[in-house]
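What follows is one structure encoded as structure tokens, with my remarks underneath.
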Amino acid sequence: MIIGGFQKISLSDFPGRVSAIVFTRGCGFRCPYCHNPELVDPDNYITPLDEAKILSFLRSREGRIQGVVITGGEPTFHDDLKDFIRTVREIGCEVKLDTNGSNPALLERIISLGLVDYVALDVKAPLRLYSSVARVLVNTGDILRSIRIIIDSGLPHEMRTTYLESLLSLDDMREIGEMVRGCRLLVVQRFKPTKALDPAMLKQPTPPAHAMEQIRAAIDAMGVPCETR
């Protein structure tokens with residue numbers, strides 16, 4: 001698996017666990033607000049990290065690091081993701097997987113094998129806007145299938161949407177809420193113009209607090225648990 005980044009400790013990325021974060025390199029989407037361009041754009045790729053050294057570090061922290069978050073980029077971009085997760089679990093760590101839902105077959109396989117303990121799925125937009133926001137042609141059937149796989153799995157999970165007013169409206173957010181109905185939580189993440197795949201996004205404002213609260217209240221009123229971050 002090609003690893004483009006590693007964070008030795010996090011207290012907030014894996015609910016209830018002290019975790020380390022592994023960032024995989026490569027993604028099929030080109031979302032303009034992506035805050036990890038060095039993992040997505042081949043022109044910005046950095047030298048991959050040594051997987052063996054990362055696993056050695058995790059072994060040395062056995063009992064202190066309780067979980068590993070595998071994010072990206074897009075982890076399901078890598079066919080050997082299952083093997084990496086198995087090794088992490090053998091070390092004694094639980095696993096949280098972050099995914100964009102573009103590879104439901106691999107996602108379903110990983111879940112059916114009992115390899116993950118928590119899943120976060122990034123839902124980019126209503127289906128009719130998906131390719132526009134992701135800036136590539138997206139098979140929206142794959143997205144819907146991934147949503148259903150996660151909800152039906154019974155695993156702890158969350159759906160996540162990055163919100164900025166130039167890309168999504170309140171009605172768009174309501175559509176997303178309907179798409180993920182039945183999920184345990186929809187997290188609406190406020191866009192922050194600190195780093196982005198498309199430099200033009202850095203000129204976009206951070207959504208105001210009242211707009212975020214309006215979204216939260218609207219989705220919550222639909223019967224879909226929602227929080228903003």
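Please state the equivalent ellipsoid semi-axes for the stretch 61-149: what are the square roots of 5 times the Cα gyration tensor eigenvalues, largest first, in whole Å?
Gyration-tensor ellipsoid for the stretch 61-149: 27, 12, 10 Å.
I need the calculated FRET efficiency for the pair Leu127 and Asp50, taking r as the beta carbon distance and R₀ as 35 Å, to the nearest 0.05.
Step by step, r from the Cβ atoms, then E = 0.30.
Hey, what did the stretch 3-228 get for relative contact order, percent, Cα under 8 Å, at least 6 apart?
Relative contact order for the stretch 3-228 comes out at 18 percent.
May I ask you to list the residues of the stretch 1-32 whose amide nitrogen lies under 19 Å from a point 7 Å from Cα along the Cα→beta-carbon direction of Leu202?
31-32
Hey, can you rank 140-147, 55-62 by average C-beta count inside 10 Å, highest first?
Going from most to least packed, we get 140-147, 55-62.
What full-extension length gain, to one decimal in nm, is calculated for Leu185 and Lys82 as 0.36 nm per residue of separation minus the Cα-Cα distance?
Fully extending the segment from Leu185 to Lys82 adds 34.5 nm.
From the P(r) of the chain, can you give the percent of Cα pairs sitting at distances over 32 Å?
Counting every Cα pair in the chain, those more than 32 Å apart make up 16 percent.
Using the Karplus curve 6.51 cos²θ - 1.76 cosθ + 1.60 with θ = phi - 60°, work out ³J(HN,Hα) for each residue of the stretch 54-66 in order, rounded to whole Hz, and write x for Gly and Pro.
Working through the residues one at a time gives 5, 5, 5, 4, 4, 5, 5, 10, 4, x, 9, 8, 8 Hz.
What is the extension gain from His35 to Arg135, computed as 0.36 nm multiplied by their sequence separation minus the C-alpha to C-alpha distance, in nm to one decimal?
The His35-Arg135 span can extend by a further 34.5 nm.
Rule-based calculations on the coordinates, nothing more; no lab input. In this text, all values refer to a predicted model and were calculated from it rather than measured experimentally. For neighbour counting, all protein chains shown are included, and Cβ atoms are generated from backbone atoms with ideal geometry for every residue, glycine included.
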